[in-house]
1. Mind listing the long-range amide H neighbours of Phe189? Cut-off is under 5 Å, sequence gap 5 or more, other chains count too, H placed in the peptide plane at 1.01 Å from N.
2. Short version: ³J(HN,Hα) in whole Hz for each residue of the stretch 88-101, in order, from phi by Karplus 6.51 cos²θ - 1.76 cosθ + 1.60 (θ = phi - 60°), x for Gly and Pro, what are they?
3. Would you mind computing, in nm to one decimal, how far apart the modelled labels at Val65 and Glu357 are, each placed 7 Å from Cα along Cα→Cβ?
4. Using θ = phi - 60° and the Karplus relation 6.51 cos²θ - 1.76 cosθ + 1.60, list the HN-Hα couplings for the stretch 192-203 in order, rounded to whole Hz, with x at every Gly or Pro.
5. For the ranges 42-52, 162-172, what's the packing order if you count other beta-carbon atoms within 10 Å of each residue, average per peptide, and put the highest first?
6. Where the centre of each part is set by its Cα atoms, how far does the stretch 28-87 sit from the stretch 342-364, in angstrom?
7. Quote to one decimal, in nm, the extra length available between Trp385 and Ser327 on full extension: 0.36 nm per residue of separation minus the C-alpha distance between them.
8. Would you order Met241, Met1, Met223 from fewest to most other beta-carbon atoms within 10 Å of each residue's own beta-carbon?
Amino acid sequence: MRTIDFIDLESRYGAHNYHPLDVVIERAEGVWVYDVEGKRYLDCLASYSAVNQGHCHPAILKTLVEQSRKVTLTSRAFRNDQLPLLYKDLHDLTGFDMALPMNSGAEAVETAVKTARKWGYEVKGIPSDRAEIIACANNFHGRTITVVSFSTEEQYRRGFGPFTPGFKIIPFGDARALREAITPDTCGFLVEPIQGEAGIIIPPDGFLREAAEICRKNRVLLMTDEIQSGLGRTGKLFTYMFDEVTPDVLIVGKALSGGFYPVSVVLASKEILGVYKPGDHGSTFGGNPLGCAVARTALRVLIEEKLVERSAELGAYFLDRLKTLRSADLREVRGRGLWIGVELHSAARPYCEALKEEGILCKETHDRVIRLAPPLVITRDEIDWAFDRIKKVIQRH
């Protein structure tokens, strides 16, 4: 079948809730993907940072196959031999006391919201049904009804009300607004250390450090969503490390499984996650042995292959090269690690389509930003290859 045949089938039988580039990927390896007609592309999206370890990493693939032959799912009605080992690996890597596993990132955010509220009632002593959580304008934490209830993106909300109450919105990066928004009923502050879907928006230096101090003084949980920004994407294991703080609640997903299987987790102290009792929360697939085994290997690959350090080094190199671009339509180039936004004055979609023709796959975000986020296994030579084509497309417009 040809590209057009697959596109026709998808258009005819699938819900039209995405606007993908018209490329049909058949296989992938490392930073490269191949379409059904044999053309090769450099992946500069990394499945929204889910494949930091590169496509089809052989070590993770080996674990997936081996665990699939043993046992894939037990549900949490029984114990399995992989979940306790993942708990230990996460503790050793992050220092957090406890973990609560889920599947998708949105599920993990929902879990964090439930955790903050339950902690607010049972530990902080907030009166029943009055707990508030503060979030930031232009946030992206997922697509569930509760999560879009505190989105400021009109399209994410249109047609989906009524919405879940209990949320306040402040400007991203505004510590003073955070301080003023807190009341005795505030149980949590949910924030992305860098806003990805908003266009790789980096807050003022020290914002997260000041936010952590404000939260500590007011007995409010600092909850960082590192589903996209974590696990090496920005040049640190987690982006909060740039501010030398530790959140009360850490939300992780995407690259936790290297793109092989949906695995997410909420990490926190015993005081916080200790509020759960059997039956309070759960997931049939959350913590399953296949997902846990895959996640353990995905974490090991990140550390053993020094992909975090690689992101810091090559991200700085890529950013420096991109900052040499000159075009009347170019507004700003910004980023951290291998997470870069190229902001334009006009729509970014035509640029992404032109880059596809040059053999680079990336995606626009918030209309005017080209997001560049290749797998962390990318090489300097591959960055140079990509830059030459990006320069060609940007500077001819």
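What follows is calculated from the coordinates using simple rules that are stated; it is not laboratory data. Keep in mind that what you see is a predicted model, and the values were worked out from it rather than measured. Here the Cβ is made from the backbone with ideal geometry for all residues, glycine too, and neighbour counts use every protein chain on show.
1. Under 5 Å from the amide H of Phe189 lie the amide H atoms of Ile134, Leu221, Leu222, Met223, each far enough along the sequence or on another chain.
2. Per-residue couplings from phi come out as 5, 4, 5, 4, 5, 7, 10, x, 6, 5, 9, 9, 10, x Hz.
3. It is 4.0 nm.
4. 8, x, 10, 7, x, 5, 6, x, 6, 8, 9, x
5. Working: 42-52: 23.6, 162-172: 15.1.
Order by mean packing, descending: 42-52, 162-172.
6. 27 Å
7. Details: separation 58, 0.36 × 58 = 20.88 nm, distance 1.97 nm.
Length gained between Trp385 and Ser327: 18.9 nm.
8. Numbers: Met241 16, Met1 10, Met223 28.
Fewest-to-most Cβ neighbours within 10 Å comes out as Met1, Met241, Met223.
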